[in-house]
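Just below is one structure, and these are the notes that go with it.
The values are calculated or read from the model by the stated rules, or taken from the named source; none is laboratory data. Quick caveat: nothing in here was measured; it's all calculated off a predicted structure. Reconstructed Cβ throughout: ideal geometry from the backbone, glycine too, with neighbour counts over all protein chains shown. Each accessible area value is taken on the protein alone, full model and side chains, heavy atoms only, with ligands, DNA and RNA left out. Shrake-Rupley method; radii C 1.70, N 1.55, O 1.52, S 1.80 Å.
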Amino acid sequence: VPAPETTGGATSTRSKAPTGHQIITLAGLAAMVVGTVAFGIDIGILATTVAALLAIVDPAEAKASLTDVSWSTVVLVGGVITYINVLETAGTVEFTSEAIMGLGSPLLAVLLLCYLSGIVSALASSIGTIGIAMAIASPLMASGELGVLGVAAALSIAATVVDVSPFSTNGALVLANVDADHREAFYQRMLVYAGLIVLLAPLAAWAFAFLPG
């Protein structure tokens, strides 16, 4: 924030004009939003294209910015997403879910499904996890044994509150923006906190949705 200047008893604030590189960066961000939302272009391709253009415009600044990228986080998230995709392709998640749904107790099945959603979401995208969990729980919701809103709320809460995990998309973004000198310590704290959330949040979501009734 620029400091105010005092001239003849009057106070004025002089704002600093954005640089050409900053304007191009903002234009690139706008292009990414428009390209993704309006035209459905893959966000990864757009981001790489914009980054390449910015590097061409100002190579020195691009080189300096690369040193601040949390490459360990990038590799970590990429590996976890690949692992989750392998589990889904192999049918591991579906097999586990069918075993849960076959227990015979709707309340217990939803509780275990909440834990499954929380664990998977802590390692991947919460939006994708919610979609999978809803599809798995659809026969239970259609049976009328439990309220549809209660099941949907419990699964959604269990899948989203675990986004504090450093392995999830949102948690990885937070970790990537931590100063490099403090990133390792912050990562350790995130792991402990995320572990507690994964342990307690699914149970709390299930209790919130069903115990009052």
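Accessible area per residue was computed with a 1.4 Å probe on protein heavy atoms; TYR193 scores about 120 Å².
Shape class for segment 18-76, computed from the alpha carbon gyration tensor (a ≥ b ≥ c): oblate, with a/c not under 1.5 and a/b at or below b/c. Fully extending the segment from SER105 to ALA55, taken as 0.36 nm per residue of separation minus the present Cα-Cα distance, adds 12.2 nm. Percent of accessible area on segment 38-143 owned by carbon and sulfur, 1.4 Å probe? In segment 38-143, the share of accessible area belonging to carbon and sulfur is 73 percent. The slack between VAL34 and GLU88, meaning 0.36 nm per residue of separation minus the straight C-alpha distance, is 16.3 nm. Our summary gives the chain a relative contact order of 18 percent, counting only alpha carbon pairs under 8 angstrom and 6 or more residues apart. Each peptide in 129-142, 108-121 was scored by the mean count of other Cβ atoms within 10 Å over its residues; highest first, the order is 108-121, 129-142. Taking all protein chains into account, the per residue accessible area for segment 74-146 stands at 51 Å² (1.4 Å probe). Given their separation in residues at 0.36 nm each and the Cα-Cα distance between them, ALA62 and ALA207 gain 47.2 nm when the chain is fully extended.
Only helices reaching 30 angstrom along their own axis (Cα) with mean Kyte-Doolittle hydropathy no lower than 1.0 count here, and for the DSSP H runs of the chain these are 183-210. Taking 7 Å steps out from each Cα toward its Cβ at ILE43 and ALA180 produces label points 2.6 nm apart. Where (i) 21.5, 68; (ii) 23.1, 82; (iii) 20.8, 62 are the candidate values, the label of the one calculated here for Rg and Dmax of the Cα atoms in Å is (ii).
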